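A.B. asks: Mind having a look at this structure? Questions to follow.
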Amino acid sequence: FMASFLPKEEEPVGEPIEITETDNLRAQILQLRRDYVAAQATIESQMQQLAEKDRIITEREDEIARLRDTLNLARDQNIQAAALIHENMDASESAIILAKLGAEKASLILGAMRESKAADVLEMMDKDIATQITQILAGFTTPSTGTSPPALTPPASGTSPPPQ
């Protein structure tokens, strides 16, 4: 029974195996294939990470857009509130305050006021700033604040000005 497992005596035992150039090339090819599979796995993993980062960026951009909309809405509501306050003020007092704000900011508030009240305030202002405000309101110049020129829109009678 043991004899079947043992090498025959005439067979040389422990002789070095000859490795040919072909064997070396086969070994290199096998290693290259293993490296290629590993590289593919790495690329796939990085592609998944990239897709996840793209998803996060898209979510953040959507969140920024929502926050910007909320901020613009709050800003518009604040401008409407300021316009209502200035409508209830004496035109000469409102003109003094709005002139101190500068043409761009004053045009936002005046643009949200009723036309007749805005006209009364403009009439009380220094002619240079009133001209600048009129140019902004008419769209001849765009405010540098990145906002579009306000439009004079009269509210329905007995109500506050509509939001822009």
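A.B. asks: Set Lys and Arg Cβ to +1 and Asp and Glu Cβ to -1, take the dipole of the range 66-128 about its Cα centre, and tell me which of T70, A103, M124 lies farthest positive.
C.D. replies: T70
A.B. asks: Given labels modelled 7 Å from the Cα in the Cβ direction, how far is it in nm from A65 to D128?
C.D. replies: 4.4
A.B. asks: For N88 and V37 in one chain, what is 0.36 nm times their gap in residues minus the Cα-Cα distance, to one decimal in nm?
C.D. replies: 10.7 nm
Computed from the coordinates by the stated procedures, all read-outs in this text should not be read as laboratory data. Only a predicted model underlies this, so the values are computations on that prediction, with no experimental measurement involved. In this analysis, Cβ positions are derived from the backbone assuming ideal geometry, glycine residues included, and neighbour counts consider all displayed protein chains.
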